Amino acid sequence: NKFIVSSDFEKNLICRQFGFDRDEVAVTGLSRFDKLPKCSSNKSRRILILPTWRDWLSSVDELQFKKSQYYNKINALITSNELHDILQDNQLKADICLHHKMHSHLKSLPQSELVTIHSMNDVDVQSLIVSSDLMITDYSSASFDMLYQRKPVLYFWFDSQRFFATRGGPLVCPHTGIPGPIFTTEDDLLSALRLYAKNNFAFDKKYSKISNKFFSYRDNNNGKRIVEVIEN
């Protein structure tokens, strides 16, 4: 009966893109945000890499999976000498959290002292989000959990044409509406990561301004407002 969103900006998107009436959409914030710190000043020296799943890979076998662009891009990023140099040079560690549908392929990916690979089956993803200074993702909505905390997000859109053709979207202009820089190559992504690490993961003012449009509240009372909507 109600579509829950986090801002008037998001409400307008939902009504315009999906045809909901305005009284069907409630601006409350998401209840999961209530457990997030509103702003973190202490740096953990950890980054989180959180790729989403690709539906077209759900039924492929191991051999086909390893031939996929998806696997090879993630594998190349995780095993990149440049990534390991960035981590080592800046005293950082990386957590890679993989979608539960990738669980059976988890053993295919290498780990190291600087890189820990997790499955969503086995870890509290929100705890990784809270303990990270920066997120690298492709299309995960969990990026907004980082943005709620005013932490930077780097977007790695190596297959955006196929992804959006399959799933629809994006709902905002990719050039002006995404609250973080978008990269299509590993080299550009890692160059940006090195710069963010050098600047102690400061949140770029340009992207901070964009992300603020997605949050009407950062008071951790979202669950309370949702209950009030239900009771009314």
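Here are the numbers for the structure shown:
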read-out: Exposure of THR79 as accessible area (Å², to 10), given a probe of 1.4 Å and all protein chains; value: 60
read-out: By average C-beta atoms within 10 angstrom, highest first, the peptides 183-189, 43-49, 212-218, 149-155; value: 149-155, 43-49, 212-218, 183-189
read-out: Environment charge of ASP219, counting only residues whose C-beta is closer than 11 Å and scoring Lys/Arg +1, Asp/Glu -1; value: +3
read-out: For LEU98, distant residues with modelled amide H under 5 Å away; value: HIS118, SER119, MET120
read-out: Area accessible to solvent at PHE203, 1.4 Å probe radius, in Å²; value: 40
read-out: Backbone HN-Hα couplings from phi across the stretch 150-157 [Karplus 6.51/-1.76/1.60, Hz, Gly and Pro as x]; value: 6, 10, x, 10, 10, 9, 10, 9
read-out: R0 of 22 Å, Cβ-Cβ distance ASP85-ASN42: FRET efficiency to nearest 0.05; value: 0.30
read-out: Over the chain: helical MRE at 222 nm, DSSP H runs n ≥ 4 each giving -39500 (n - 2.57), nearest 500; value: -10500 deg cm²/dmol
read-out: Exceeding the 32 Å Cα-Cα cut-off - candidates LYS2/LYS151; LYS73/LYS205; LYS66/LYS205; LYS67/LYS206; value: LYS66/LYS205; LYS67/LYS206
read-out: Added length on full extension, which subtracts the Cα-Cα distance from 0.36 nm per residue, LYS198 to GLU113; value: 28.5 nm
read-out: Extension gain (nm, one decimal) between ILE230 and ALA165, 0.36 nm per residue minus Cα-Cα; value: 19.9 nm
read-out: Where HIS100, HIS118, HIS175 fall by accessible area, highest first, once all protein chains stay in place (1.4 Å); value: HIS175, HIS100, HIS118
read-out: Computed FRET value (nearest 0.05) for PHE3 with SER59, which takes r as the C-beta separation and R₀ as 30 Å; value: 0.45
read-out: Sequence-distant residues sharing a close amide H with THR52 (under 5 Å, placed H); value: ASP138, TYR139, SER140
read-out: Residue-span extension gain [HIS100 to ASP122] - 0.36 nm each, minus C-alpha spacing; value: 7.0 nm
read-out: Mean separation of Cα contacts under 8 Å (6+ apart) over length of the stretch 15-126, as relative contact order %; value: 26
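The values are calculated or read from the model by the stated rules, or taken from the named source; none is laboratory data. Just so it is clear, the model here is predicted, and its values are computed rather than measured. As a convention, Cβ positions derive from the backbone with ideal geometry for all residues, glycine included, and neighbour counts pool all protein chains shown. All accessible areas refer to the heavy atoms of the entire protein, side chains included, with ligands and DNA or RNA removed. Shrake-Rupley method; radii C 1.70, N 1.55, O 1.52, S 1.80 Å.
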